1. Counting heavy atoms of the protein chains only and a 1.4 Å probe, report the per residue accessible area for the chain as a whole number of Å².
2. Which one of Thr65, Ile52, Leu26 has its Cα pushed farthest toward the positive end of the charge dipole of the chain, where Lys and Arg give +1 and Asp and Glu give -1 at the Cβ?
3. Run down the lysines and flag those whose C-alpha is under 23 Å from the C-alpha of Lys28, throwing out any fewer than 8 positions away in its chain.
4. About the Cα centre of the range 50-96, what is the dipole size in debye to 20, counting +1 per Lys and Arg Cβ and -1 per Asp and Glu Cβ, all else neutral?
5. For the Cα atoms of the chain, what angle does the longest principal axis make with the long axis of helix 86-95, in degrees from 0 to 90, nearest 10?
6. For the pair Glu91/Asn8, report the inter-label distance in nm, with labels modelled 7 Å from Cα in the Cβ direction.
7. Taking the Cα centre of the chain as origin, sum charge times position over the Cβ atoms of Lys and Arg (+1) and Asp and Glu (-1), and report the length of that vector in debye to the nearest 20.
8. Report, to the nearest 10°, how far helix 38-55 tilts away from the longest principal axis of the Cα atoms in the chain, using its own Cα long axis and a range of 0 to 90°.
Amino acid sequence: FDGASRGNPGLASYGVCIRDASDGVLFKAARNIGVTTCNVAEWNGAIEGLKIARKLGAREVVLRTDSKLVEKQLSGQWQVRAEHLAPLQEEAMGLT
């Protein structure tokens with residue numbers, strides 16, 4: 001997954017690609033999510049990817065991201081200090 005915004009905040013979107021163990025593409029999508037920050041876009045990409053993986057019946061998921069913030073917060077290595085990101089982290093954690 002990846003998320004980005006043009007400006008911070010700015011027009012934002014995310015992309016998700018789900019692959020099987022043989023690297024075959026099972027699902028891919030990109031979504032515009034309006035005006036928000038790049039971190040919110042990254043979190044929304046993670047959440048969408050986890051939701052789709054669950055719908056596809058995945059028992060194990062490996063997330064690939066360039067967002068150190070999401071990686072560290074999702075793994076619990078970093079605290080979520082920004083109040084607006086806490087609900088997104090909670091939602092993602094509920095999907096793991």
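1. On the way: 6300 Å² over 96 residues.
Result: 66 Å² of accessible area for each residue.
2. Farthest towards the positive end: Leu26.
3. Filter leaves Lys51, Lys55, Lys68.
4. Working: 8 positive and 6 negative charges, 37 e Å.
That gives the range 50-96 a dipole magnitude of about 180 debye.
5. Helix 86-95 sits roughly 10 degrees off the main axis of the chain.
6. 2.1 nm
7. On the way: 12 positive and 11 negative charges, 26 e Å.
The dipole magnitude comes to about 120 debye.
8. Approximately 20 degrees, to the nearest ten.
The values are calculated or read from the model by the stated rules, or taken from the named source; none is laboratory data. For clarity, every value in this text was computed on a predicted model and none was experimentally measured. Virtual Cβ from ideal backbone geometry, glycine too; neighbours counted across all protein chains shown. These area figures cover heavy atoms from the full protein model, side chains too; ligands, DNA and RNA do not enter into them. Shrake-Rupley method; radii C 1.70, N 1.55, O 1.52, S 1.80 Å.
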